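Report on the following structure.
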Amino acid sequence: MQTLPKMTLATKTILLLDDEVNVRELVELCLKDLGGWTVLTADSPFLALQKAESNSPDAIVLDLSMRGSFMFLQQLRRNIKTQDIPVVLLSATARWLDPQFMQEYQVVGIVLKPFNPVTLPVEIANILNWDYVPDCNL
């Protein structure tokens with residue numbers, strides 16, 4: 001996994017790509033409400049590529065088991081406007097990913113499913129090397 005420079009706390013924008021509506025809504029709520037981040041969502045690789053190019057998110061959270069996820073990663077890395085956006089994978093099966101895959105697609109980390117919704121923003125912030133200040137109302 002690559003090491004990212006430490007970023008200071010500010011409103012970040014995350015593009016969330018997941019085709020399962022229940023998972024997408026849960027992750028979106030966690031990242032917005034607990035993480036305090038702006039969350040853009042997409043349910044297809046095509047829509048996600050458009051949003052990544054037009055919105056330049058600070059990071060992408062991608063469900064690896066979604067149909068078209070590998071094609072999405074390939075096209076993301078080929079586009080000069082999106083090639084440097086860090087990607088965090090959500091996956092129940094990512095244990096099999098080798099370091100070569102991670103490096104080739106510039107995947108900075110993996111959050112394994114099932115994940116704890118309350119700690120999800122902390123996990124993602126740690127992977128991305130972002131400062132994270134939890135909501136005091138938790």
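Once the Cα atoms of helix 45-55 and of the chain are each reduced to a long axis, what angle between those two axes, in degrees from 0 to 90 to the nearest 10, is obtained? Result, in degrees: 60.
Distances between every pair of Cα atoms in the chain, grouped in 10 Å steps from 0 to the bin holding the largest one, split as 12, 48, 35, 4, 0 percent.
When the helices of the chain are scored as -39500 (n - 2.57) per DSSP H run of n ≥ 4 and the total is divided over every residue, the value at 222 nm lands at -9000 deg cm²/dmol.
In the chain, a dipole from Cβ-located charges (positive for Lys and Arg, negative for Asp and Glu) runs towards its positive end, and of ASN79, SER65, LEU16 it is ASN79 whose Cα lies farthest in that direction.
Across the chain, the mean sequence separation of Cα contacts (distance under 8 Å, 6 or more residues apart), normalised by length, yields a relative contact order of 30 percent. Pick from LEU73, LEU89, LEU97: which residue has the top mean-square fluctuation in a GNM of the chain where Cα pairs under 10 Å get a spring? Sorting by GNM fluctuation, first place goes to LEU97.
How large is the charge dipole for segment 13-128, taken about the Cα centre, if only the Cβ atoms of Lys, Arg (+1) and Asp, Glu (-1) carry charge, to the nearest 20 debye? Charge dipole, segment 13-128, about its Cα centre: 200 debye, nearest 20.
Values in this text are rule-based calculations from the coordinates and carry no lab data. A quick note: this is a predicted structure, and the numbers were derived from the prediction, not measured. FYI the Cβ positions are ideal-geometry reconstructions off the backbone, even for glycines, and counts take in every protein chain you see.
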